[in-house]
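The values are calculated or read from the model by the stated rules, or taken from the named source; none is laboratory data. For clarity, every value in this text was computed on a predicted model and none was experimentally measured. Heads up, the Cβs are rebuilt from the backbone with ideal geometry, glycines too, and the neighbour counts pull from every protein chain shown.
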Amino acid sequence: MTIQEVQHAIEAEVVPGTERSDVTILSACGADLMSDVMAFVKDQVLLMTGLINIQVIRTANLMDIQAICFVRGKKPSQDMIDMAKENDIVLMCTRLPLFLACGKLYEAGVRQGGVRKID
Amino acid sequence: MKYHYEVPGDDFSRAGNASAEMKKTLQRLGIPASVIKRTAVAMYEAEINMVVHAGGGEADITIEPNLITIEMTDHGPGIPDLAQAMQDGWSSAPDLVRELGFGAGMGLPNMKRNSDEMTIETGPDKGTKVTMKIHVPEAF
């Protein structure tokens, strides 16, 4: 799924300056705990989160996550936007809560979640 | 090749800077992407732990043709019960840390999962030294 299709599915806007047309989303992760993101996500994933701080961008960078959507109407700060630009990470914002954003994306066809089997 | 980083203990927003620098270095060296990700995650979790629990510390990374060794050393209070700390979901982090997106009790398990070998030397008031070794599949 392209970023444009993701935007349409979860009613999101891309933060100016972070646009990219070459990102493909195959799976998604909805989480506010970054250690859980690091424990479970796979490649070409969209991270959806209600957490706003610089460590969200740091986690995405270290995990090779190319796109993040902030839910519940939250907006990233300028230092977050700057770090995202530096690392070619697309930032989006939606007014949807996390549950509905995940549901709408699933309905639109993104069905893969984390990579690791949970015991 | 050896790299040394200071991990400041007083600024949560800077936690992870050393890991991000290390990631760039490994990319320049042409290390496989899967190895870079494991190294970056293991080191990042260790950095977060140092900032949250130990007031910062030091990171020393040694890169050999087939092996990356990460040594994370702090002078904090040590880990009282290591077996408990290694369990998924067990955390002693304060609420403030959870509000920042960490403290899920996945730090040490994530470090172990992303390393091929991990040893921890710790004791009350002795600080903690975590050594993680990650094998690089092909010589570069």
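Points worth noting:
- Across the range B:48-67, the qualifying residues are those that are within 14 Å of B:MET1 (Cα to Cα) and at pLDDT below 95, and the one among them that is surrounded by the fewest Cβ atoms within 10 Å (Cβ to Cβ) is B:PRO65.
- The number of residues in the range A:6-19 that are outside any loop (DSSP other than H, G, I, E, B) and more than 14 Å from A:GLN66 (Cβ to Cβ) comes to 5.
- Among the residues of the range B:123-138, those identified as of a type in the set (D, E, K, R) and more than 19 Å from B:GLY76 (Cα to Cα) are B:LYS133, B:GLU138.
- Filter result for the condition that a residue is within 26 Å of B:GLU47 (Cβ to Cβ) and part of a loop (DSSP other than H, G, I, E, B), over A:ASP88, A:ASP22, A:ASP36: A:ASP88
- The set of residues in the range B:68-91 that are within 14 Å of another protein chain (Cβ to nearest Cβ) and more than 24 Å from B:TYR5 (Cα to Cα) comprises B:ALA85, B:MET86, B:GLN87, B:ASP88, B:GLY89, B:TRP90, B:SER91.
- Inclusion of A:ILE52 among residues that are in contact with a helix residue (DSSP H, G or I) (Cβ under 6 Å, 6 or more places away or on another chain) and either closer than 25 Å to B:ALA46 by Cα or outside any loop (DSSP other than H, G, I, E, B) (or both) is not warranted.
- Only one of A:LEU96, A:LEU46 that is in a strand (DSSP E or B) and either within 14 Å of chain B (Cβ to nearest Cβ) or surrounded by 18 or more Cβ atoms within 10 Å (Cβ to Cβ) (or both): A:LEU46
- Filtered residue count, the range B:1-24, keeping only those that are free of Cβ contacts under 8 Å to residues at least 24 places away in the same chain and either within 11 Å of B:ILE63 (Cβ to Cβ) or of a type in the set (Val, Ile, Thr) (or both): 0
- Count of the range B:1-41 residues which are more than 9 Å from chain A (Cβ to nearest Cβ), closer than 24 Å to B:GLU99 by Cβ and small (Gly, Ala, Ser): 2
- Filter pass, A:SER77 being within 14 Å of chain B (Cβ to nearest Cβ) and over 24 Å from A:ARG111 (Cα atoms): yes
- Some residue of the range B:94-104 being farther than 14 Å from B:VAL51 by Cβ, aliphatic (A, V, I, L, M), under 15 Å from the mean Cα position of the chain (by Cα) and within 14 Å of chain A (Cβ to nearest Cβ): no
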